[in-house]
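The values are calculated or read from the model by the stated rules, or taken from the named source; none is laboratory data. None of the values given here were measured: they were computed from a predicted structure. So basically every Cβ, Gly included, is an ideal-geometry build from the backbone, and we count neighbours across all protein chains shown. Quick note on the areas: whole protein, heavy atoms, side chains included, nothing else; ligands and nucleic acids left out. Shrake-Rupley method; radii C 1.70, N 1.55, O 1.52, S 1.80 Å.
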Amino acid sequence: WLAETYYVRSDFTNAAVTYADGYKKYPTGPKAPDNLLKLGLSLANLGEGDQACKAFAEINKKFPNARAEIRDRAAAERKQRGCK
């Protein structure tokens, strides 16, 4: 939840770092797809489009069975940002 507090306060640098840390510590945990999605959103807000696209793509690659809303949001963000 710490990362989320940073994100809602538009502190995208700390949000990205904290989401990335959470993903690194628990790469297969139940919150891993959420962490990747929010990591991507944080990176996008920091102007790091290529890195954001990588985070969004990783969701489909590693978590094809993630909740539909996470997969759909990642797909929408990839499309909106022109990810390859």
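Taking every residue in region 15-26 that is open to solvent by less than 20 Å² (accessible area, probe 1.4 Å) and pairing it with any residue that is aromatic (Phe, Trp, Tyr) and in a helix (DSSP H, G or I), at least 6 positions away or on another chain, the pairs with Cβ-Cβ distances below 7 Å are Ala15/Tyr6; Ala15/Tyr7. Can you spot a residue in region 37-51 that is small (Gly, Ala, Ser) and open to solvent by 40 Å² or more (accessible area, probe 1.4 Å)? Looking through region 37-51, at least one residue is small (Gly, Ala, Ser) and open to solvent by 40 Å² or more (accessible area, probe 1.4 Å).
Beta carbons closer than 8 Å, at least 6 apart along the sequence or on distinct chains, pair a first residue in region 64-84 that is open to solvent by 60 Å² or more (accessible area, probe 1.4 Å) with a second that is β-branched (Val, Ile, Thr) and assigned to a helix (DSSP H, G or I) for Arg71/Ile59. Scanning region 52-63 for residues that are over 13 Å from Phe12 (Cα atoms) and either open to solvent by 80 Å² or more (accessible area, probe 1.4 Å) or not polar (S, T, N, Q) (or both) returns Cys53, Lys54, Ala55, Phe56, Ala57, Glu58, Ile59, Lys61, Lys62, Phe63.
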